[in-house]
Amino acid sequence: MVTRRNFSSEFKAKVVLELLREEETLSQIAARHKIHHTVLQNWKRTVTDGLSGLFADPRRKSVEEIEKETTINDLYKQVGLLSMQLEWLKKKCGVDLSLHERRALVDWENKDFPLSWQAWLLGLNRTGLYYVPAPLSKEELLLRRWIDEIHTGQPCYGSRRMQVVLSQAGLTVSRKRIQRLMRDMGILAIYPGPKLSGGSESPKFPYLLRGVAIDHPNHTWGTDITYVRLKGGFMYLTVFLDWYSRYVVSWAFSDSLSADFVVEALEEAFKIARPGIINSDQGTQYTSNFYIERIRDESGSIAISMDGRGRCMDNIFTERFWRSYKQEEVYLKEYESPREARRSTAEYIKHYNFDRPHQSLNYRTPWDVYSGGKAGKVTIK
């Protein structure tokens, strides 16, 4: 029988500080402390969400707020066990959640809801919740590096061709393992696939940009996610890119493929401007209700566009940015920690936006064009 571990507030604070320092990856810290990475993510979210409350004056609570809190507490006492389960499920689970998103909803600190109940309500295997992933081996990191570089140079290569290239380089690896690594890295070969009928799916949106002339900044933003290798692990990077000027409007790093960091980058982008269209692929981060509702909450006039499956040209400008970023930044360096990757990437994006001449912009910088300069209009075929 698995004994549930209890952690002191001092220990949690110490671990969260380690996460915020970003001297090690999430998986490395989780393995060292033998704590599931989802628990660590929840601790970190609790700290970051509650920082503003440290500066609030508790004496400024109004009578209405006190009465409201008392009423809420009384109501919770009157709710039965079944009602609590259904209400929790309604708030937490939603619909069409991926396995990773459902695991992220597990509340490890809530003693009123045992993990067995939560696992049952979320459709998870309870024993799997206690699994702590081990740090990646050197062999695994090497394979991920090769796959990342091959995909950047030849995005049309699937697992079969990837296996051939790796074999020619002296790396013997099964096709199933390559497929698993590609899934973990968020890599999908670009090729037209069959159009299969299905049951209930996440919302998909049509591609709106074929034949459309993009002739001014903030007409269209493109967004995507890429895998970024570290010396002892990996991270994921997302950007929102203005297609007319190639200006990187915002970006964010994450150690998982959840929708949270995509919405985080979206929030930062909305502080700068609002586009007419936002284009993405059909990944679960972009079909999640969290992402779609955030766009709709910002403005009903922002149209959502999604690439056709296997069509690399539908998101060509974002793909070109990834190629430049990988070849000019990532492949030239060995990031020791997430913090170093974040700092170095910030420096590269600043250089890309403000200093790097762009051939298709008549050798002007993206910022020159984004801030008012003229460039030739872009038409997606």
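The values are calculated or read from the model by the stated rules, or taken from the named source; none is laboratory data. The model shown is predicted, which means the values in this text are computed figures rather than measured ones. With ideal geometry, Cβ positions are generated from the backbone for all residues, glycine too; neighbour counts draw on all protein chains shown.
Before moving on, here are some points about what is shown:
- Any hit, region 205-218, residues being farther than 23 Å from residue 345 by Cβ, assigned to a strand (DSSP E or B) and either in contact with a helix residue (DSSP H, G or I) (Cβ under 9 Å, 6 or more places away or on another chain) or without any contact (Cβ under 8 Å) to a residue 12 or more places away in the chain (or both): yes
- Test: residue in region 103-116 that is closer than 23 Å to residue 288 by Cβ and loosely packed, with under 15 Cβ neighbours inside 10 Å: yes
- Where helices (runs of 4 or more DSSP H) sit wholly within region 83-186, those with at least 3 residues that are out of contact with any strand residue (DSSP E or B) (no Cβ under 8 Å at 6 or more places or on another chain) and at pLDDT below 80 occupy 99-104, 115-122.
- Residues of region 230-286 classified as of a type outside the set (A, V, I, L, M) and assigned to a loop (DSSP other than H, G, I, E, B), total: 18
- Selection within region 288-310 - under 18 Å from residue 183 (Cβ atoms) and surrounded by fewer than 21 Cβ atoms within 10 Å (Cβ to Cβ): 309, 310
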